[in-house]
Amino acid sequence: MHNRSLTHYLDRICALDSALCIKVNRSSHYRLVRWSFRLVSRLGDGMFWYAIMLGIVLTQGEDGIAACLHMMSVGLSGTLIYKWLKGKTLRPRPYEVHQDVWLAGKPLDKFSFPSGHTLHAVAFSVVALTYYPQLGMLIMPFAILVAMSRVVLGLHYPSDVLAGALLGALIAMVSFIFI
């Protein structure tokens, strides 16, 4: 009876995850929303973070190099972890499973879990803000928009984004043990 109850709750969580994904994805039918979140997602591919690192080095000099190297090491660790997880979980992307989900962006790889964009946005944010909290007004809204973009564009379920955020925060926090 216990396993049946657990299965029931897991099924309900999956159904809620899918329903929320479909509802959020509907906003991508509006051209301005779709265009805006495509831009955010594209910048979240790395360009935004490279620009932040360049700005840190240019304004902080030698002190900024250490922060940027820390960000790069967290980025590499995040890539290795999320690619490994995607290869183990093999979760299809929402647009492949639900006909109600409209693909409005370009996937970088085949699988959905976890969101690598969100993982990196959170990991880079935690590291950058630890060194330079004054960047919060720029970095925090961008990281939130990156996470939102993944669901709006039909590339991820909300649970993929949540898992990516938690993993990104964990990777960043653990990285400070080794610094």
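The values are calculated or read from the model by the stated rules, or taken from the named source; none is laboratory data. The structure presented is a predicted model; accordingly, all values stated were derived computationally and were not measured. Methodologically, a virtual Cβ is constructed for each residue, glycine included, from the backbone with ideal geometry; neighbour enumeration extends over all protein chains shown. SASA here: full protein model, heavy atoms, side chains in, ligands and nucleic acids out. Shrake-Rupley method; radii C 1.70, N 1.55, O 1.52, S 1.80 Å.
What the table shows:
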{"read-out": "Check on residue 13, within 16 Å of residue 158 (Cβ to Cβ) and either loosely packed, with under 14 Cβ neighbours inside 10 Å or among the polar types (S, T, N, Q) (or both)", "value": "yes"}
{"read-out": "Residue list for the range 104-128, filter: touching a Ser or Thr at 6+ places or on another chain (Cβ under 9 Å), open to solvent by 20 Å² or more (accessible area, probe 1.4 Å) and more than 19 Å from residue 173 (Cα to Cα)", "value": "106, 111, 113"}
{"read-out": "Candidate set: the range 149-179, residues that are part of a loop (DSSP other than H, G, I, E, B) and not aliphatic (A, V, I, L, M); chosen: the one farthest from residue 22 (Cα to Cα)", "value": "178"}
{"read-out": "Hey, residue 98 under 21 Å from residue 47 (Cβ atoms) and touching a Cys at 6+ places or on another chain (Cβ under 9 Å) or not", "value": "no"}
{"read-out": "Single residue of 163, 143 found to be open to solvent by less than 40 Å² (accessible area, probe 1.4 Å) and touching a Pro at 6+ places or on another chain (Cβ under 7 Å)", "value": "163"}
{"read-out": "Of all residues making up the range 19-35, the number that are farther than 15 Å from residue 157 by Cβ and among the hydrophobic types (A, V, I, L, M, F, W, C)", "value": "3"}
{"read-out": "Test: residue in the range 60-76 that is open to solvent by 20 Å² or more (accessible area, probe 1.4 Å) and touching a Gly at 6+ places or on another chain (Cβ under 9 Å)", "value": "no"}
{"read-out": "Number of the exception - residue 93 against (1) on the phi < 0 side of the Ramachandran plot; (2) open to solvent by 30 Å² or more (accessible area, probe 1.4 Å); (3) in contact with a Phe, Trp or Tyr (Cβ under 8 Å, 6 or more places away or on another chain)", "value": "(2)"}
{"read-out": "The one condition in (1) touching a residue at least 40 places away in the same chain (Cβ under 8 Å); (2) touching a strand residue (DSSP E or B) at 6+ places or on another chain (Cβ under 8 Å); (3) open to solvent by 40 Å² or more (accessible area, probe 1.4 Å) that residue 148 fails to fulfil", "value": "(2)"}
{"read-out": "Index of the failed condition, residue 84 passing every other in (1) open to solvent by 10 Å² or more (accessible area, probe 1.4 Å); (2) modelled with pLDDT of 95 or more; (3) under 20 Å from residue 42 (Cα atoms)", "value": "(3)"}
{"read-out": "Test for residue 178: is it free of Cβ contacts under 8 Å to residues at least 24 places away in the same chain and hydrophobic (A, V, I, L, M, F, W, C)", "value": "yes"}
{"read-out": "All helices (runs of 4 or more DSSP H) inside the range 13-132 with 3 or more residues being touching a residue at least 40 places away in the same chain (Cβ under 8 Å) and small (Gly, Ala, Ser)", "value": "62-89, 116-131"}
{"read-out": "Residue count, the range 29-53 (criterion: over 27 Å from residue 75 (Cβ atoms) and either open to solvent by less than 30 Å² (accessible area, probe 1.4 Å) or of a type in the set (Val, Ile, Thr) (or both))", "value": "1"}
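Residues checked against (1) of a type in the set (Val, Ile, Thr); (2) over 13 Å from the mean Cα position of the chain (by Cα):
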| position | (1), (2) |
| --- | --- |
| 57 | yes, yes |
| 65 | yes, yes |
| 93 | no, yes |
| 108 | no, no |
| 119 | no, no |
| 123 | no, no |
